[in-house]
Ligand SMILES: Cc1ncc(C[n+]2csc(CCOP(=O)(O)OP(=O)(O)O)c2C)c(N)n1
Ligand SMILES: [Mg+2]
């Protein structure tokens, strides 16, 4: 099962390598990882997507929590949450495909962020599956380069 | 505020923590610290290899329960310490390791004797620090000691660039340390305690499975109280020896790969396993699906990651062992459901079954005339030291025989490398223990292979008038590996025959120590007596039955009931 785990940690040198070292050392996998400062500059928020059965996910969250520089670990996928990923795609856009590319971008509510005579650079934001979907659709047209941010996620506020 | 040098500040931090002895080896990056230590009341023991420094600090920590401290120089000094740091990490031993580092402006430049020791030791320390700014020096050291000794203890490394140590710093008063992100759980959840205790009252065949956590949290008395109150049998892991008196009728000795027949059979047939400060290591469980297959499992541990890591636990209790056991004892004392006589009596059939197992396959060995059996040597050591010595060990058969045949009745009289199994641990650890308790008899039970890994520390023992005794069970083999080859590799002794071994008697003499040798059973007692009466470091070279194996043995990956017996 896929799990999205959010980790608050001290924004200090070496902390990220404690997290990644934990994953490699214990044979856990990381599908994606993204990290940046929070409102409080001394604290970073790291979102990681991993896979494993219940026992493995339990170990992952406990082991993360055990790291001294980790402040809080939440398995966001335990409850309702929103997740987003952004992708930049450079796709071939020559005379005969330009219109088609624009149409696809439109359907995915993407934006063209860079234009050249033979290509567009496109920005699309959405769930990981939406990002995967546009990649799959543009692939036959000719993707020259892609960069993905990895998933970030946030639990939904309680409705009460 | 009055300013002092970084080195002075470090020394004051050590004094603040009550440190009297540290173990070190100098080099360019730590000359300042060595210089400052010379004027302090702290004994700075000069070892002969950095691995020895960290093992010695570890030995001191295990027998005292205090934090051990080692001081190493940058680069090769620090990397030489890594094996010993990993050793302490695997066994949760509280250490603070201070390493010198090149000056901050040079860090990252491949400067002379620069290594990224913080990077290297990240996976084998509880935590580590590089102090880049002198104003963080004091708070970092205080935090390092706090982390090392609290929660599940472990080694903490502090890397100290030379320029940082040379700066002048403030020395603010020490305040209680509170870390937002590090707050180990000491107190058990009362609901879980109640659940556990009620379960215990229902059990017919309970077993207490005791690990190193009981020693680390000084919970042996509480554990003993619980076991006797409920008349429950106890087994200990290699790390848990001494957590419950080995001579007590309720003790089944050690469990696991080289555990007693009784202990392994009891666990396999138990309906309730109460794990206290143990971690279900593969050397204990054997094949996982056959481990305690009928038992409900209660697990007390201060480290949540230990719980349900290898074996699914039914009633987890995250807490310090001492606190949890105290709460359990109190629950029974206050419970109207608990009738001591009745419960004790209800366990008698179980204890009788256990007694039958012991009768069937007691811990033992075959006596072979005047050939020295290693088990006999350990029994004699036990007898002649009245079970009261501090025993450290090397690794291999020697270690297992010591664990099986010395009766540890008290905690902290046993220091062995359990989790990592580090050959070369025993001698430096013995020195650390002896520095802490000069009045006690300290014996390193050694193998002829392992002892050569840190034999240089004989010089340290001599220099500091630290008369440790070394009992080499000399089979002229890397015996434990040879045993596996005998049993599972068609007796192909690849790489386990040491064709050249030094004359250990002469070797001892070369260091100014005393060397004694026994080649016959009838000589063993006299050699031990003479060693114990000698106020000098002594090597006892016991030439033992060469191909003796350690039994019982659960082959790796087999169920713990599938034991090979004597
Ligand atoms: C540093 C290190 N290297 C290798 C091993 C693997 N090993 C485990 S026991 C053993 C043999 C030890 O020989 P010796 O010290 O003579 O003890 P014996 O088993 O003969 O009593 C070896 C090589 C180890 N535990 N530690
Ligand atoms: Mg040997």
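Sort B:555-562, B:207-214 by the packing proxy (mean of other Cβ within 10 Å over each peptide's residues), most packed first.
Going by the mean number of other Cβ atoms within 10 Å, highest first, we get B:207-214, B:555-562.
Could you grab the Rg to Rh ratio for the protein assembly as shown? Cα atoms only, Kirkwood for Rh.
Rounded to two decimals, Rg over Rh is 1.03.
Assuming a ≥ b ≥ c are the square roots of the Cα gyration tensor eigenvalues, decide whether chain A counts as rounded (a/c under 1.5), prolate (otherwise, with a/b larger than b/c) or oblate.
Cα axes put chain A in the prolate bin.
Find the Rg to Rh ratio for the stretch B:230-272, where Rh is the Kirkwood radius over alpha-carbon pairs and Rg uses the same atoms.
Rg/Rh: 0.93.
Fully extended, how many nm does the chain gain between residue B:503 and residue B:371 (0.36 nm per residue separation, minus their Cα-Cα distance)?
45.6 nm
Please say if chain B is rounded, prolate or oblate, where rounded means a/c under 1.5 for a ≥ b ≥ c the square roots of the C-alpha gyration tensor eigenvalues, and otherwise the choice is prolate for a/b larger than b/c and oblate otherwise?
Note, shape of chain B comes out oblate.
R0 = 25 Å: FRET efficiency of residue A:16 with residue A:82, Cβ-based, nearest 0.05?
Result of the calculation: an efficiency of 0.55.
Quick one: of the DSSP bridges fully inside the protein assembly as shown, what percent are antiparallel, nearest 5?
If I count the DSSP bridges inside the protein assembly as shown, around 45 percent turn out antiparallel.
Counting other beta carbons within 10 Å of each Cβ, put A:160, B:440 in order, fewest first.
A:160, B:440
When the chain is fully extended, how far beyond the present Cα-Cα distance does residue B:547 get from residue B:356, taking 0.36 nm per residue of separation?
Residue separation times 0.36 nm, minus the Cα-Cα distance, leaves 65.8 nm.
Of all DSSP beta bridges located in the stretch B:433-560, what percent are antiparallel, nearest 5?
If I count the DSSP bridges inside the stretch B:433-560, around 5 percent turn out antiparallel.
Along Cα→Cβ, 7 Å out, is where each label goes; now give me the distance between the ones at residue B:185 and residue A:157 in nm to one decimal.
Taking the simple label geometry, residue B:185 and residue A:157 are separated by 3.1 nm.
Quick check for you: which residues of the stretch A:47-83 have the amide N under 20 Å from the point 7 Å beyond the Cα of residue B:289 toward its beta carbon?
A:53-56
Please compute one quarter of the surface area of the Cα convex hull for the stretch B:417-555 and express it in square nanometres.
Averaged projected area of the stretch B:417-555's Cα convex hull equals 9.1 nm².
To the nearest Å, what is the center-to-center distance of the stretch B:250-283 and the stretch B:178-249, using C-alpha atoms only?
One Cα centre to the other: 13 Å.
Return the average number of partner chain Cβ atoms within 10 angstrom of each residue Cβ along peptide A:8-17.
Other-chain Cβ atoms within 10 Å of each residue's Cβ, averaged: 2.
Test of understanding: what is the full-extension gain from residue B:136 to residue B:178, defined as 0.36 nm times their sequence separation minus their Cα-Cα distance?
13.5 nm
Scale the Cα Rg of the stretch B:124-260 by the rule-of-thumb value 2.2 N^0.38 Å and send over the ratio, two decimals.
1.49
Distance between the C-alpha centers of the stretch B:22-76 and the stretch B:128-163? Whole Å please.
15 Å
Using all C-alpha to C-alpha distances in the stretch A:61-104, build P(r) with 10 Å bins and read off the rounded percent in each one.
Over the stretch A:61-104, the share of Cα pairs per 10 Å bin runs 19, 23, 20, 15, 18, 5 percent.
Kindly give the semi-axes, whole Å and largest first, of the ellipsoid equivalent to the stretch B:263-389, taking each as the square root of 5 times a Cα gyration tensor eigenvalue.
Semi-axis lengths for the stretch B:263-389 are 32, 21, 18 Å.
Just to confirm the number: angle between the C-alpha axis of helix A:98-107 and the first principal axis of chain A, 0 to 90 degrees, nearest 10?
Relative to chain A, helix A:98-107 is tipped by roughly 40 degrees.
Quick one: if you take sqrt(5λ) for each eigenvalue of the C-alpha gyration tensor of the stretch B:246-319, what semi-axes come out, biggest first, whole angstrom?
Semi-axes from the Cα gyration tensor: 20, 14, 12 Å.
Normalise the Debye intensity by I(0) for the stretch B:452-493, one equal point scatterer per Cα, no solvent, then take log10 at q = 0.32, 0.34 Å⁻¹ and round to two decimals.
Calculated log10 I(q)/I(0) at the listed q: -1.06, -1.10.
Hey, quick one: spin label on residue A:31, modelled 7 Å out along Cα-Cβ, who in the stretch A:54-93 has an amide N within reach, i.e. under 18 Å?
From the stretch A:54-93, the list is A:54-61, A:74-87.
Separation of the stretch B:514-566 and the stretch B:107-123 by C-alpha centroid, Å?
Answer, in whole Å: 42.
Please state the Cα pair-distance histogram of the stretch B:1-102 with 5 angstrom bins from zero: what percent is in each bin?
Using 5 Å bins, I get a P(r) of 3, 14, 25, 25, 19, 10, 3, 1, 0 for the stretch B:1-102.
Restricting to the stretch B:51-182, what percent of DSSP beta bridges are antiparallel, rounded to 5?
Percentage antiparallel, nearest 5: 5.
Taking all pairs of different Cα atoms in the stretch B:46-122, averaging 1/r and flipping that mean, what Kirkwood radius in angstroms comes out?
The Cα-based Kirkwood calculation yields 12.7 Å.
Mind checking A:60-66 for the average number of partner chain beta-carbons within 10 Å of each residue's beta-carbon?
Per residue, the average neighbour count from other chains is 4.
So how compact is the stretch B:1-43: Cα radius of gyration and Dmax in angstrom?
When restricted to Cα atoms, the stretch B:1-43 yields Rg and Dmax of 10.5, 33 Å.
Return the Rg/Rh value of the stretch A:84-160, two decimal places, where both radii are evaluated on C-alpha atoms and Rh is the Kirkwood radius.
1.07
Bear in mind these aren't lab numbers, they're just calculated from the coordinates by the rules spelled out. Owing to the predicted nature of the structure, the values given are computational and were not obtained by experimental measurement. Glycine gets a Cβ as well: all are built from the backbone with ideal geometry, and neighbour counts include every protein chain shown.
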